[in-house]
Amino acid sequence: MTVTVLAILETDFVPAKHLAKIMNDRLNRAAKELADVHLKALTGRGFSKDDLVVYLSYNPKFKIRYRIVNDVPADIEYFVAECCGRLGYILWRTNVITVDRE
């Protein structure tokens, strides 16, 4: 399984410029750590060859939120939720789902 964690730096709100750099650096570090340390077990043998893509961003209260953006089995989704929960990340809920079909 290929694990990709992307930091989404564009948020629903605009922080002050001096704060934005600190927040973006923190989010990039969190994304790298999540992929390289906490979700590393998913890249091992015994898992399907599917991809896992996770987005990290901030909510308006400056909490890190996560969202799995592709279809994965329930056990993988549970594992990611467990890891993110231990790190204090919250589930990123959205009302709009965009599907592009060509």
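The values are calculated or read from the model by the stated rules, or taken from the named source; none is laboratory data. What you see is a predicted model; the values in this text were computed from it and never measured. Virtual Cβ from ideal backbone geometry, glycine too; neighbours counted across all protein chains shown. Note: accessible area is taken over every heavy atom of the protein model, side chains too, but ligands, DNA and RNA are not part of it. Shrake-Rupley method; radii C 1.70, N 1.55, O 1.52, S 1.80 Å.
Of the heavy-atom accessible surface of region 2-91 (probe 1.4 angstrom), what whole percent is carbon and sulfur?
Ligands and nucleic acids excluded, carbon and sulfur give 55 percent.
For region 2-91, what does the convex hull of the Cα positions come to per residue, in cubic angstrom?
Hull volume over Cα atoms, normalised by residue count, gives 85 Å³.
Among L52, A81, I64, whose Cα lies farthest out toward the positive end of the dipole of region 2-91, if unit charges sit on the beta carbon of Lys, Arg (+1) and Asp, Glu (-1)?
Toward the positive end, the furthest listed residue is I64.
Could you work out how much longer the chain between R26 and K63 gets when fully extended? Use 0.36 nm per residue separation minus the Cα distance between them, nm to one decimal.
12.2 nm
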